Every structure is written in C-alpha cells, then in structure tokens.
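Take a look at the structure below.
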Amino acid sequence: MNEQPRAEGTGPDEGPAVDVLRTLGLTSDDILEVDEGLDVGRVSIVHGATGEVIWCDAAGQEFISTCHLSPSLDVRPVAGDWVGLRDDQIVTVLPRRSALRRPDPNGRDIQVLAANLDLVLLVVPIDRGLNVRMLERFAIMAWESGARPFVVLTKSDEASDAGALLEETKLAVPGVDVLTTSSQSGEGIEHLRDLLHEGVTAVMLGASGAGKTSLLNALEGSEEVTRTLNRSGEGRHATTTRKLYRLHSGGVLLDIPGIRLLDLMVGQEGVDETFSDIGEIALGCRFRDCSHNGDLGCAVEAAVASGELAARRLENWRLIQAELAHQEHRRSPEEMMKQRKRGRPAPKDPKR
Ligand SMILES: Nc1nc2c(ncn2[C@@H]2O[C@H](COP(=O)(O)OP(=O)(O)O)[C@@H](O)[C@H]2O)c(=O)[nH]1
Ligand SMILES: [Mg+2]
Ligand SMILES: [Zn+2]
C-alpha cells in the first residue's frame with residue numbers, strides 16, 4: 001500500500017495534492033490509502049456506468065474527468081465518495097465515514113445518496129407554519145447517516161411568528177441545532193457561512209420549494225453559483241461541477257436529488273435520536289419493553305397526562321414506529337419475524 005496522499009494527522013504527507021483534496025472536503029477522518037500509482041479524487045455525481053470525479057495528480061494539478069466504474073468494484077460509488085483512479089477509471093471506493101441513504105423505489109433495497117458528509121442541513125420553510133412530521137422524518141434520516149443534522153428554517157421574512165416556530169422546532173428535534181434564515185433579508189446567512197468552513201461537507205435535505213437554491217445563492221452572493229470558482233486567485237481549484245460546490249466559505253456542498261416524503265428512510269437509531277425526549281421519559285416505564293400504549297406503569301403516557309410531553313409528540317412517535325415496522329418488513333420479512341420474537345428493543349440510554 002502506498003500511503004499518499006493522506007489527510008493531516010494520519011500521516012506525514014503534506015503537499016500539493018493534499019492541499020487540493022482539502023478544498024474538496026478532506027478531513028482528518030478520511031484515510032486515503034490507495035495502491036501505488038493511483039490518483040485520488042472525489043465523486044461529484046454518478047450516472048449509469050460513469051462518474052464525474054474531481055481529482056489531482058501528485059503535483060497538485062487538478063482535473064475533472066468522467067470516469068468509468070471498474071467492473072471489479074464491490075461498492076457502487078456515489079456523490080461524495082473518495083475514490084482511487086487509474087486511467088480515468090474508478091478502481092477503488094475508499095471507506096465511508098457517513099452515508100445518507102433512502103429506500104429504493106422498490107422498497108426492498110437501500111440506495112446511498114451521498115457519502116462522507118459532516119452536516120445534513122434540514123431545510124424547512126416556515127412561511128406557512130411548520131410541517132413537524134416532515135421535519136421529524138428528515139431528522140431521522142439525517143441521524144441515520146452518521147453525519148450531524150442541522151435545521152435551517154427558511155423564509156423567516158414571511159413567517160407569522162418566527163420565534164414561536166423556532167421553539168416548536170427545537171421541541172420536535174431535541175439535541176439538534178436550529179437556525180432561522182431568510183434568503184430575502186439575509187437573516188442567518190452569515191452564521192450558515194461560518195458553519196460551512198473548510199473541511200465540512202454538507203448536503204441540503206428539503207422538499208421542493210423549501211428554499212434550497214435560494215439559500216445557496218444567498219450563501220454565495222450570486223445568482224450563478226455554477227460559475228467557475230477560483231479561490232486561490234492563481235487559476236488553481238478552477239473546477240467545480242453542477243453537483244459539487246466549493247463554497248467561498250471553504251466548505252463543500254453536494255447537490256443530491258430531491259427527496260419526496262415517501263422516499264424518507266426511517267431507522268431505529270434515527271428514531272431514538274429524534275425522539276430522545278420520549279426515550280428519556282421511557283426509562284421510568286415499569287416495563288423495559290413498554291409500548292407506551294395502555295401498558296401498566298407507563299411513564300410516557302403519564303407524562304402526556306401531566307402535560308410534560310405533548311400528546312402530538314407521542315402520536316407522531318407511534319406513527320413512526322408503525323412506519324419503521326413496515327419498512328423493515330418490506331425489506332426483510334425474515335428479519336421482521338426475528339424481531340417480533342425478540343420483542344421491542346429497550347429504550348436507549350439518554351445521551352444528554
Ligand atoms: N419570502 C421568501 N421567499 C423565499 C425565500 N427563499 C426562497 N423563497 C422562494 O421560495 C420559492 C422556492 O425557492 P427555491 O430556492 O427554488 O426552493 P428549492 O426548490 O428548495 O430549491 C421561490 O419562489 C423563492 O423565491 C426566502 O427566504 N424568503
Ligand atoms: Mg432548487
Ligand atoms: Zn411506557
């Protein structure tokens with residue numbers, strides 16, 4: 001194994017190639033070990049049997065190529081993947097540190113949308129109130145990815161009571177940071193820029209019309225973000241693609257296909273994180289496998305009765321549990337049977 005190029009902190013390698021890879025979002029958690037003679041790059045998009053890759057040679061000269069996928073690949077590369085290249089062919093997909101997934105249209109398989117993310121921006125408009133159920137689903141999917149979820153409330157200039165909606169959002173996704181923004185007035189945009197600094201790769205998850213494109217334009221201060229970026233001023237890093245934006249603030253934004261509500265993936269871990277308030281209260285339930293549905297000594301239902309927990313929150317949790325069971329069933333009937341026999345998983349210890 002050749003050990004170059006590698007991220008800072010994982011090896012002695014510094015140099016022009018690593019400098020370029022950093023502008024592509026390389027972090028110290030990415031370990032780019034590839035075979036001798038391979039170049040390293042980052043995938044911006046894959047369509048069919050080819051992928052668009054931004055890569056650089058050992059001298060730090062940057063290129064953008066449409067590369068064929070080697071038939072020997074055992075992992076299909078996706079946007080955000082670090083890959084090893086030989087002669088314009090992707091021959092290695094490096095290990096992923098996070099991955100955003102959704103159910104395949106057939107409902108049985110799982111599709112990876114983007115890899116090696118640090119931040120999943122949940123873009124949620126508040127000009128017509130807050131769609132809590134959609135927010136919860138986005139949050140679950142984000143938690144499942146292994147990246148950090150971050151809620152960006154948009155269109156605050158048209159919100160009736162942005163302050164109240166902010167509080168409602170915080171209750172819906174405990175433990176997730178929330179920022180109120182407006183692409184119109186500029187509220188929150190500077191904060192968002194600070195968040196998207198070098199070494200951060202982000203995606204925006206949000207319904208069509210949520211304000212994602214406007215946000216990107218506000219961040220970049222331009223209507224035309226697909227123009228050639230030239231941050232070094234020396235003609236280097238001059239390539240960007242329609243799908244991998246190198247932001248002026250230093251971060252990388254991957255453009256992924258829009259997600260419909262139906263596509264959202266539900267996973268136990270993401271549900272536990274998103275409903276950590278219920279998980280915490282459930283520690284007080286008499287039975288570890290309490291279903292919070294008429295069970296004896298249920299602390300969660302008691303919390304609803306006392307007003308400590310909103311009834312709607314428990315309702316949403318139940319709906320999500322049903323959906324989780326349904327998705328798992330569609331994916332694997334056998335696994336579903338096993339889980340039924342084992343009973344419900346015990347609530348997880350609260351993290352905070
Ligand atoms: N008032 C207001 N309208 C916005 C804001 N951001 C986006 N919009 C409008 O919302 C619509 C959808 O925005 P767009 O960025 O295309 O959403 P996308 O589909 O998520 O990319 C457009 O008509 C925008 O002008 C905002 O901050 N304030
Ligand atoms: Mg758009
Ligand atoms: Zn209970």
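The values are calculated or read from the model by the stated rules, or taken from the named source; none is laboratory data. Given the structure is predicted, the values throughout are model-derived calculations rather than measurements. Here the Cβ is made from the backbone with ideal geometry for all residues, glycine too, and neighbour counts use every protein chain on show. Surface areas here come from the heavy atoms of the whole protein model, side chains and all, with no ligands, DNA or RNA. Shrake-Rupley method; radii C 1.70, N 1.55, O 1.52, S 1.80 Å.
So residue 28 ticks every box in (1) small (Gly, Ala, Ser); (2) outside any loop (DSSP other than H, G, I, E, B); (3) modelled with pLDDT under 90 but one. Which box is left unticked?
Failed condition: (2).
If residue 287 meets every condition in (1) touching a residue at least 40 places away in the same chain (Cβ under 8 Å); (2) in contact with a Gly (Cβ under 8 Å, 6 or more places away or on another chain) apart from one, which number is that one?
Answer for residue 287: the failing condition is (1).
Here are some conditions: (1) within 30 Å of residue 279 (Cα to Cα); (2) open to solvent by less than 10 Å² (accessible area, probe 1.4 Å); (3) within 13 Å of ligand 2 (Cβ to nearest atom). Residue 215 meets all but one. Which one does it not meet?
(1)
Of all residues in segment 53-67, which are part of a strand (DSSP E or B), surrounded by fewer than 22 Cβ atoms within 10 Å (Cβ to Cβ) and not aromatic (Phe, Trp, Tyr)?
Across segment 53-67, the qualifying residues are 62, 64, 65, 66.
Given the criterion modelled with pLDDT under 95 and of a type in the set (Gly, Ala, Ser), identify the matching residue among 322, 303.
322
What do you reckon, is residue 149 in the same structural domain as residue 193 (by TED's automatic domain parsing), in a loop (DSSP other than H, G, I, E, B) and in contact with a helix residue (DSSP H, G or I) (Cβ under 9 Å, 6 or more places away or on another chain)?
No.
Every residue in segment 82-93 that is touching a strand residue (DSSP E or B) at 6+ places or on another chain (Cβ under 6 Å) and open to solvent by 10 Å² or more (accessible area, probe 1.4 Å), please.
88, 89, 91, 92, 93
Let me spell it out: the conditions are (1) at pLDDT below 95; (2) away from ligand 3 (no atom under 14 Å from the Cβ), and residue 288 meets all of them except one. Which number is the exception?
It is condition (2) that residue 288 fails.
State which residue is farthest from residue 315 (Cα to Cα) when the search covers only segment 172-221 and only residues that are within 8 Å of ligand 1 (Cβ to nearest atom) and among the hydroxyl-bearing types (Ser, Thr, Tyr).
185
Evaluate segment 68-81: report whether one residue or more is touching a residue at least 24 places away in the same chain (Cβ under 8 Å), outside the structural domain of residue 42 (by TED's automatic domain parsing) and surrounded by fewer than 18 Cβ atoms within 10 Å (Cβ to Cβ).
no
Can you list residue pairs whose Cβ atoms sit under 7 Å apart, with the first residue in segment 33-44 being assigned to a loop (DSSP other than H, G, I, E, B) and the second being open to solvent by 60 Å² or more (accessible area, probe 1.4 Å)? Count only pairs 6 or more apart in sequence or on different chains.
Hits for this filter: 33/1; 33/3; 35/1; 37/86; 38/86.
Determine, yes or no, whether residue 164 is farther than 21 Å from residue 319 by Cα, away from ligand 1 (no atom under 14 Å from the Cβ) and touching a Leu at 6+ places or on another chain (Cβ under 6 Å).
The answer is no for residue 164.
Evaluate the following for residue 178: is it surrounded by 17 or more Cβ atoms within 10 Å (Cβ to Cβ), within 16 Å of ligand 2 (Cβ to nearest atom), not acidic (Asp, Glu) and not in a helix (DSSP H, G or I)?
no
Can you report the number of residues in segment 95-111 which are over 24 Å from residue 204 (Cβ atoms) and open to solvent by less than 60 Å² (accessible area, probe 1.4 Å)?
The number of residues fulfilling the criteria is 1.
Looking for whichever is on the phi > 0 side of the Ramachandran plot and without any contact (Cβ under 8 Å) to a residue 24 or more places away in the chain here; the options are 104, 88. Which one fits?
Criteria check complete, one pass: 88.
Please tell me if residue 252 is more than 16 Å from ligand 2 (Cβ to nearest atom), modelled with pLDDT of 90 or more, over 19 Å from residue 177 (Cβ atoms) and in contact with a Lys or Arg (Cβ under 7 Å, 6 or more places away or on another chain).
The answer is yes for residue 252.
Do you know which residues across segment 291-305 are within 8 Å of ligand 3 (Cβ to nearest atom), assigned to a loop (DSSP other than H, G, I, E, B) and either small (Gly, Ala, Ser) or more than 19 Å from residue 322 (Cβ to Cβ) (or both)?
291, 297
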